[in-house]
1. Could you calculate the contour length gain from residue 70 to residue 186, that is, 0.36 nm times the residue separation minus the distance between their Cα atoms, to one decimal place in nm?
2. Could you identify which residue out of 190, 16, 296 has the top mean-square fluctuation in a GNM of the chain using Cα springs shorter than 10 Å?
3. Can you pull out the chymotrypsin sites (Phe, Trp or Tyr not before Pro) in the range 339-409 that DSSP calls coil and that have at most 11 other Cβ atoms within 10 Å?
4. Per-residue counts of other Cβ atoms within 10 Å, averaged by peptide: what ranking do you get for 204-214, 312-322, highest first?
5. Would you work out which of 16, 334, 178 lies farthest towards the positive end of the dipole of the chain, given +1 charges on the beta-carbon of Lys and Arg and -1 on that of Asp and Glu, about the Cα centre?
6. Pop the C-beta distance of residue 4 and residue 48 into the FRET formula with R0 = 35 Å and round what comes out to the nearest 0.05.
7. Could you put 359, 216 in order, starting from the residue whose Cβ has the fewest other Cβ atoms within 10 Å?
8. Are there GluC sites (Glu not before Pro) in the range 1-73 that DSSP marks as loop and that have at most 14 other Cβ atoms within 10 Å, and which are they?
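What follows draws every value from the coordinates through simple rules; no lab data is involved. Keep in mind it's a predicted model, so treat the numbers as computed, not measured. All Cβ positions, even for glycine, are placed from backbone atoms using ideal geometry, and neighbour counts span all protein chains on display.
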Amino acid sequence: MSRVERIGTRIIGFRNPEMDFQLMRSLGAGSFRGGEPGEIFAARGAVQDDPCAWPPAFAALGDRVRAAAAAAAQHDYRVTARDHFLRAAMYYRSAEYFADPFGADGPRWGRASRECFIAATKLMAERVEAVEIAFEGSMLPGYFMTPPGGAAGTDGARDGRTVLVLTGFDGTGEELYFQAAKAGLERGFNVLVGEGPGQVGCLRVHPTLTFRPDYEKPIAAMIDYALSRPEVAAERLAVYGISFGGYFVIRAGIHDRRIRALVVNSPIVDLQAYIRGFADMDPANPPPVTLADVDNIPDAEFPRELKLSFKSACRRFGVDSFAGWLNRLADFTVGDGLANIRGPTLAMAGAGEGGETAEQLERYCSAVSGPVTRRLFMAEEGADMHCQVGNLTLSNAVVYDWLSEVFRK
């Protein structure tokens, strides 16, 4: 037996593709201080291939890193504390993802993620404010972020360039800092992170606000808020939607002329067709699965990760059966309004996202009236997966370089 080894932790993925995607999602956030591979693979070792083992493993990692952050803060080691709080925020987010959507642990870990992130913001050079945005009698959570010197153009002058960023089905406002906001701040953009009905951060505080097809309405409230800030220039306001957020921001682009540039990653114009692309599901003959009985179905017939996904869909869309979910999804379409989008669009997708994603990308690009820049990310770039989680550095370079050119004109 060898007495010397180079590595004890083993770099091993999962048999299940969804768990592999979530592993890459955690690793990808490390590009912007949202994780460390050694910690992530140490937690992965406790998971094996059981999604139900994922939450306690990553929550325990979050607890350890958060404790280290608190100890560093007590000694006024500000950079160390900031970095630990940032990673802990993402480890708790990862635990929240695979938690039972109707259980108590998920919201608790979600709150811990938010608390750690806010603790980190107090130690940043950038200004990051937790904000509330008025909408139909509720206050939507968000973050308004500005670079240390204010939003600047290439000549160094402050010009108020601002991006409103929305995630999709299961992302969080805290995650968006690592996925999109930090890269924008480094390039002199203001960033407003918004979370609307049905999204994880919103459900933490408003459990009855579920997804709605007319997402142009909550986005209009977010734009109202952005334009109320003196840091924001109305003529340099972009909106960026990630994952399901692609559908949300397309709805806004159809209805709101205040949007001067649109980034869709990826363009989703028919949410039911998109979801059906994951499996061959016929809305006229849906699986006879209800929320009440799903936990009683043997795992061999309905794997655990699919049960969690189904329960998450019920929670976020406000339904209680597979039939109800598919019927509800039929409302989430952009209809025939794409021609109303007259401003510039950056349309992004990964080559590994499948045929339905590619078809909806083409439908979007061929129907809008404004100029479209297409960007298909390839496997050799390490970015072909959903939302380019395997290469966020490249993805953000494409987004912000494009926006810089648009706002320079």
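1. 39.1 nm
2. Its mean-square fluctuation being the largest, the pick is 296.
3. none
4. The peptides rank, most packed first, as 312-322, 204-214.
5. Checked the options; the winner is 178.
6. 0.80
7. The fewest-first ordering by Cβ neighbours comes to 359, 216.
8. 5
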